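Structure first, then comments.
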Amino acid sequence: MTVLRDICLRAHLRGRLKENQLEVIGLDMTNMYEEQKHKHENRFQYKQRNMWTGILFGLGVVAFIDEVIFHQLLHWHHFYDKSTAAIGLVSDGLFHAFSFFATIGSAFLLADLHRKHGFWLKRWLGGIFLGAGSFQLYDGIIQHKFMKLHQIRYNVEILPYDIVWNILAALLIIIGIVLLLQTNQKDR
């Protein structure tokens with residue numbers, strides 16, 4: 001019933017449904033306006049939590065994508081390639097557990113934001129892009145180059161892979177920062 005009420009309210013606000021038509025199908029406009037008004041009333045109060053929930057989700061999702069595509073499907077590398085294949089698989093399992101717990105943890109935080117009427121989509125998306133790009137850049141610079149845990153791919157000219165990997169990370173970070181700055185300007 002809530003979905004129907006949301007659809008009808010949007011149609012009414014766009015001028016497609018008149019109030020008397022809503023009353024015919026049994027929807028009270030007063031309650032609908034109040035519910036819509038309170039839906040995101042606390043988003044400014046929870047702006048930091050929206051960002052951090054998005055960052056955690058972005059970290060988890062990009063780590064999951066990295067694990068599935070580059071570790072499992074393409075077999076380009078393991079999380080830790082300086083030992084046996086068995087150790088590489090264990091390190092992949094731990095990495096996968098991190099991505100799973102980060103994503104699930106962010107889902108609980110997201111549900112809490114909705115419960116408290118504090119969800120802010122644009123700010124959450126900014127956090128996702130920032131978290132995804134930060135993980136990607138950390139992986140590309142710290143893990144690949146400084147710690148030398150693994151490379152993106154072996155037995156190829158690695159420079160083009162590194163450039164694409166890190167430029168993609170920088171773009172994700174820039175998109176996240178732009179979205180977050182736009183939401184900061186809205187509360188001034």
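The values are calculated or read from the model by the stated rules, or taken from the named source; none is laboratory data. Because the structure is a prediction, the values reported are computed rather than measured. As a convention, Cβ positions derive from the backbone with ideal geometry for all residues, glycine included, and neighbour counts pool all protein chains shown.
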When both residues are 6+ apart or on different chains and their Cβ atoms are under 9 Å apart, which pairs have a first residue that lies in region 52-81 and is buried (at least 23 other Cβ atoms within 10 Å of the Cβ), and a second that is of a type in the set (Lys, Arg)? GLY54/ARG123
Pick from region 141-161 the residues that are at pLDDT below 90 and part of a helix (DSSP H, G or I): which of them is surrounded by the fewest Cβ atoms within 10 Å (Cβ to Cβ)? LYS145
Residue in region 109-120 that is in contact (Cβ under 8 Å) with a residue 24 or more places away in the chain, surrounded by 15 or more Cβ atoms within 10 Å (Cβ to Cβ) and of a type in the set (Lys, Arg) present: no
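Listed here are the residues, each with its yes/no results for (1) under 26 Å from ALA170 (Cβ atoms); (2) part of a helix (DSSP H, G or I); (3) at pLDDT below 90; (4) not assigned by TED's automatic domain parsing to the domain that holds ILE173.
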site	(1), (2), (3), (4)
GLY15	no, no, yes, yes
GLY26	no, no, yes, yes
ILE69	yes, yes, yes, no
PHE79	yes, no, yes, no
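Return yes when ILE128 is crowded, with 18+ Cβ neighbours inside 10 Å and either among the hydroxyl-bearing types (Ser, Thr, Tyr) or in contact with a Phe, Trp or Tyr (Cβ under 8 Å, 6 or more places away or on another chain) (or both) and no when it is not.
In short, yes.
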